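Sharing a structure here in structure tokens format.
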Amino acid sequence: MSSLSNRFHSTLLQTLAAVAVVSVSLSQAVAETRTVESAYGPVQISGQPGRVVTLYEGALDAALAVGANAVGAVITRGGSDVAEYIKSEAGDIAIVGAPAETNIEAVIAAQPDLILAPPRINQQQVALLSRIAPVVASNVPMFQPDSWERETRLFAKAMGREAEAEKVIGQVKERISEVAQVVSAKIPAGQRDAALVRWMPQGPLVMAEGLFSASLLQAVGFELTDKDLVKEGRPHSEPLSLENLSSMDQSWVFLATLNEDGDKALDAARKSPAFARLNAVQNDQVIGVSGQLWTSATGPLAALAILDDIEAAVNAIQP
Amino acid sequence: MNALSPTSAVASRALSLPLIAAGLLLFLIIIASLLYGAGPISASEAFMVLAGSGSEEARFVVSELRLPRTIIGLVTGLALGLAGALLQSMTRNPLAEPGLLGVSAGSGFAVALAILFGASTATLTSFVAQLGALAGCALVIAATRVQGLGNDPVRLILAGATLTGLLLALTSMLMLMDQRAADEIRFWITGSIAGKPLSMLQATLPSILAALILIVIVARPLAAMALGEKAAVGLGHHPGRIRFLIVLTVALLVGSATALAGPLIFVGLVVPFIARAFAGPDIRKTLWLCVPVGPAVVLAADVVSRLIAAPAELPLGVVTALIGAPVLLAIVRAGRMPSL
């Protein structure tokens, strides 16, 4: 009897426990509806959204970095597709617009469960897009050294992949310290002053110190300057008269153009006498880089690619 | 003053004084163009260079950056001023300006097309720009043939504005097709003489010289045509042939200027307007006065473009448009429009 009652009890307990587990997991599923703070207020999202459309290069980068299923993206500035550095990860992704203009019909066709948007998207667009899927616009101030980290975390939270985000951010930090060691081993202190310049058809464009790639250069030990030529309120870049190019004559010049590869940018710039006479050019310490990656992209994958560029350039120095 | 000497073919008393004044003004503007820039080299440092000393940096800025753009500005202003005067005299319309009539836009469209097919702005041949200008001219001539249009200055300009709008739309379409080209076209279409290599000038110089020779040939018959077509025929000229030569000349000049500096609007309007104000209705005098006034206007605009946006520069085309638009309004609103 007692054994029977014991068995009964244990069965009852097991059943109760099983019910409890089920109810807990059920309540977890319900509680997984989380609130993500976006630029236009809180957005409710549940679970891991399956199809993610990104209207922002930084969002595409973050989505691919955390392993989400990105099904739509905008073209990079000056290009006709996503940026070259991310093409292989992005695969055959649908293009749903340009950085400043979204093709709503293309977004609908991509059938998104979540839309990630840039900080500068306007409210009407958000209202319209919200009728297709929840829209998370970045609320992170741009052009801060940690903007990309905070944006990646925000977008990752929206995608329900925060653990993956922490992992990839950790990877970037590890790479930063690795590349920083290479820089300090290869370049003597005092010779690490650098400038980041974009070469446009009309001439040079000096990039702001707060730019994503500029902050990475500083993180690995370069002393980057824009010589205060980039004015307040223009956080990205400032066009420069050729007469002012010599003020950008640092030991190192990182030179980018949009959508042409770095070497072509160098060739174009070298034809200009004002550029050819810079000390950095004469000392062969000009690094041609992709403008898509260096002056337009943000995010963990972009960071890793830029750090690879820096490491390769520094490793190429003849001792 | 020796310029009053009767040996000079153009030295009528009425013209020599403005000519000398404009020449002096041009000289001063050339000096200013060498002295002032958007960079850290000050006017006094640049002056040291002109005086034969100065730092290495200053010498570079003056001789490699400011001198080339000054020379290119001189040639551009000369070409656009003369082209405007010729076009206005031929169409008898004080508003007939290459920029407004679509000649520059035609040239610009041709260049945009060339850039799209892979030409870079640096390697561009002025031939493409001249072909485009010629096509633009042909359309203008066609427009003047439309019944009644040729006699109404403002309607001709409206026709030109339509053509310009159409060509700009086509150019925008090209820009949408290729983003790399778009960057180059966008910059080029605004008009600038900064950072242009002097080799560009060598490419256009033969056409400019040819155009100057043509002007010498057509100036007298053109003046006769101002008396009326019948009078010109009576004097033994062939208006049709003259018109053809003028169109050719304008295309050579505008094409060269466009290849050098992009489609600068309003220069061809402002320069002959100033020249006519001092030279009177005789096209030959106007043309002479355009020689110093054209370069002076373009260079003055260029100096302004360097100074108001330092450390960057404003595109020259923006400045010429800002100067030209009020002049256009002034001419249109002036009680009676001078019929040429």
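The values are calculated or read from the model by the stated rules, or taken from the named source; none is laboratory data. Being a predicted model, the structure only gives us computed values, none of them experimental. Note: ideal-geometry Cβ built from the backbone for every residue, glycine included; neighbour counts use all protein chains shown.
Could you list, in sequence order, all residues of the range B:189-204 that are touching a residue at least 60 places away in the same chain (Cβ under 8 Å) and in a helix (DSSP H, G or I)?
B:Ile189, B:Thr190, B:Leu198, B:Met200, B:Leu201, B:Ala203, B:Thr204
A:Leu114 passes all but one of (1) closer than 30 Å to A:Val289 by Cβ; (2) surrounded by 17 or more Cβ atoms within 10 Å (Cβ to Cβ); which number fails?
(1)
Something else about it: Kindly provide the set of residues from the range B:17-67 that are surrounded by fewer than 21 Cβ atoms within 10 Å (Cβ to Cβ), small (Gly, Ala, Ser) and closer than 15 Å to B:Val293 by Cβ, ordered by number.
B:Ala21, B:Gly23
Identify the residue in the range B:65-113 that is within 14 Å of another protein chain (Cβ to nearest Cβ) and among the hydrophobic types (A, V, I, L, M, F, W, C) and, among all such residues, is nearest to B:Ser207 (Cα to Cα).
So, considering only residues that are within 14 Å of another protein chain (Cβ to nearest Cβ) and among the hydrophobic types (A, V, I, L, M, F, W, C), the one nearest to B:Ser207 (Cα to Cα) is B:Ile72.
Still on this structure, I have one more. Test of understanding: among B:Ala181, B:Ala232, which residue is crowded, with 16+ Cβ neighbours inside 10 Å and at pLDDT below 80?
Only one candidate passes the filter, namely B:Ala181.
A further question on this structure: Quick one: would you say B:Ala223 is free of Cβ contacts under 8 Å to residues at least 24 places away in the same chain, within 29 Å of B:Ala325 (Cα to Cα) and among the hydrophobic types (A, V, I, L, M, F, W, C)?
For B:Ala223, the condition - free of Cβ contacts under 8 Å to residues at least 24 places away in the same chain, within 29 Å of B:Ala325 (Cα to Cα) and among the hydrophobic types (A, V, I, L, M, F, W, C) - is not met.
Those residues that are touching a residue at least 60 places away in the same chain (Cβ under 8 Å) and either within 14 Å of another protein chain (Cβ to nearest Cβ) or not polar (S, T, N, Q) (or both), I need them from the range A:179-194; list them, please.
Listed by number, the residues that qualify are A:Val179, A:Val182, A:Val183, A:Lys186, A:Ile187, A:Arg192, A:Ala194.
While we're on this one: Taking the condition of being within 14 Å of chain B (Cβ to nearest Cβ) and over 21 Å from A:Met142 (Cβ atoms), how many residues in the range A:43-92 meet it?
Number of matching residues: 3.
If you take the residues in the range B:32-64 that are among the hydroxyl-bearing types (Ser, Thr, Tyr) and assigned to a helix (DSSP H, G or I), which one is nearest to the other protein chains (Cβ to nearest Cβ)?
Once the filter is applied, the top-ranked residue is B:Ser63.
Separate question: List every residue pair whose Cβ atoms sit under 6 Å apart, with the two residues 6 or more apart in sequence or on different chains, where the first one lies in the range A:274-302 and is more than 14 Å from chain B (Cβ to nearest Cβ) and farther than 19 Å from A:Ala208 by Cα and the second, anywhere, is surrounded by 20 or more Cβ atoms within 10 Å (Cβ to Cβ) and among the aromatic types (Phe, Trp, Tyr).
Matching pairs, first to second residue: A:Gln285/A:Trp252.
Residue by residue through the range B:195-234, note down the ones that are touching a Pro at 6+ places or on another chain (Cβ under 6 Å) and within 14 Å of chain A (Cβ to nearest Cβ).
B:Leu198
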